[in-house]
1. Please give, to one decimal in nm, the separation of the simple spin-label points placed at Ser190 and Gln49, each 7 Å out from Cα toward the Cβ.
2. Based on the inverse mean of 1/r over its pairs of different Cα atoms, what is the Kirkwood hydrodynamic radius of segment 108-265, in Å?
3. Scan around Phe17 for amide H atoms under 5 Å from its own, H built in the peptide plane at 1.01 Å from N, and keep only partners 5 or more places away or cross-chain.
4. Please go through segment 188-255 and write out the GluC sites (Glu not before Pro) that DSSP classes as loop and that have at most 14 other C-beta atoms within 10 Å.
5. Can you give the extra length, in nm with one decimal, that the chain gains between Leu160 and Ser224 once fully stretched, where that is 0.36 nm per residue apart less the Cα-Cα distance?
6. Calculate the tail of P(r) for segment 20-175: the fraction of all Cα-Cα distances greater than 19 Å, expressed in %.
7. For the chain, which whole percent of the accessible surface, found with a 1.4 angstrom probe, sits on carbon and sulfur atoms?
8. So if each residue of separation counts as 0.36 nm, and I subtract the Cα-Cα distance between Asp100 and Ala207, what length gain in nm does that give?
Amino acid sequence: MTQPGSESTTTSTRHGFGVDVGGSGIKGGIVDLVTGELVGDRYKIETPQPSTPEAVAAVVASIAQRFEWTGPVGVTLPAVVTGGIARSAANIDKSWIDTDARALFARALGHENVVVLNDADAAGVAEDRYGAGKGRSGVVVLLTFGTGIGSAILHDGVLLPNTELGHMEVGGKEAEHRAASSVKETKELSYKEWAKEVSRVLETFEALLWPDLFIAGGGISRKSEKWIPLLTNRTPVVAATLQNAAGIVGAALFADTAAASEQAR
Ligand code: BGC
């Protein structure tokens, strides 16, 4: 059977496949690359503990198998990823650091058509193309507010990977230690108190980057009406719209683009 992902990229329906690896769950699904929507349900498996590279790769391969997917695969990691190699590890086993993640997933999947990218970068690519950033030009910065703060910077749709803005120092503290949504929970901050911290972080980022738009992602973006109106920074902030599919969608798009450019060579 020919997989949609391996068909010509000029057909009007183009499908891709993405897997989003997180600290608690590994989610995958087929993506309609024209609309940016999932085709059918996504499939989620709890992240194995310990979340070692081998254990995670086996889960990624089992998710692809469940969908009988043999085309290009995009995989996200909560890590800096350069040239397919994980350089850091947030909420996954530290043994990921310096692991050749691309080679590992290629072995587990049984083919070389694999790209690996940072989770927030994938969400940024997806929101920029299909979601809250659709049709926007200029510099778009997506921030995911969760256990930490992930970031993606795009200029006219082109990603600058691995920006890690969450680790920037803001007022003597790492930005994510000040304004991740986990901080709101552990310190029991009200939305008003937390929005003050987020504003401070955004003001620091915008002083350096002068973005045209911030997109706020992560679970807490579902309650955006409670806190986005309270922000006092200059740049407009909108809530992400693809919710928890953004990582899968962005990974699938990234893999499809890489496969198409490989084919064109
Ligand atoms: C990590 C990033 C990741 C983000 C969201 C941060 O702590 O450094 O690589 O994108 O969390 O998972």
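The values are calculated or read from the model by the stated rules, or taken from the named source; none is laboratory data. Owing to the predicted nature of the structure, the values given are computational and were not obtained by experimental measurement. Neighbour counts run over all protein chains shown; Cβ positions are idealised from the backbone, glycine included. Only protein heavy atoms, including side chains, enter the accessible area calculation; ligands, DNA and RNA are left aside. Shrake-Rupley method; radii C 1.70, N 1.55, O 1.52, S 1.80 Å.
1. 3.5 nm
2. Numbers: mean 1/r = 0.0627 Å⁻¹.
Kirkwood radius, segment 108-265: 15.9 Å.
3. Val31, Gly74
4. On the way: sites: Glu188, Glu193, Glu197, Glu203, Glu206, Glu225; in loops: Glu188.
Taking segment 188-255 and a limit of 14 other Cβ atoms within 10 Å, the loop GluC sites (Glu not before Pro) found are Glu188.
5. Values: separation 64, 0.36 × 64 = 23.04 nm, distance 2.59 nm.
Roughly 20.4 nm would be gained on extension.
6. Values: 6668 of 12090 pairs.
Here the long-distance tail beyond 19 Å is 55 percent of all Cα pairs in segment 20-175.
7. Details: 6110 of 12090 Å².
Reported share for carbon and sulfur atoms: 51 percent.
8. On the way: separation 107, 0.36 × 107 = 38.52 nm, distance 3.54 nm.
That pair, Asp100 and Ala207, stretches by 35.0 nm at full extension.
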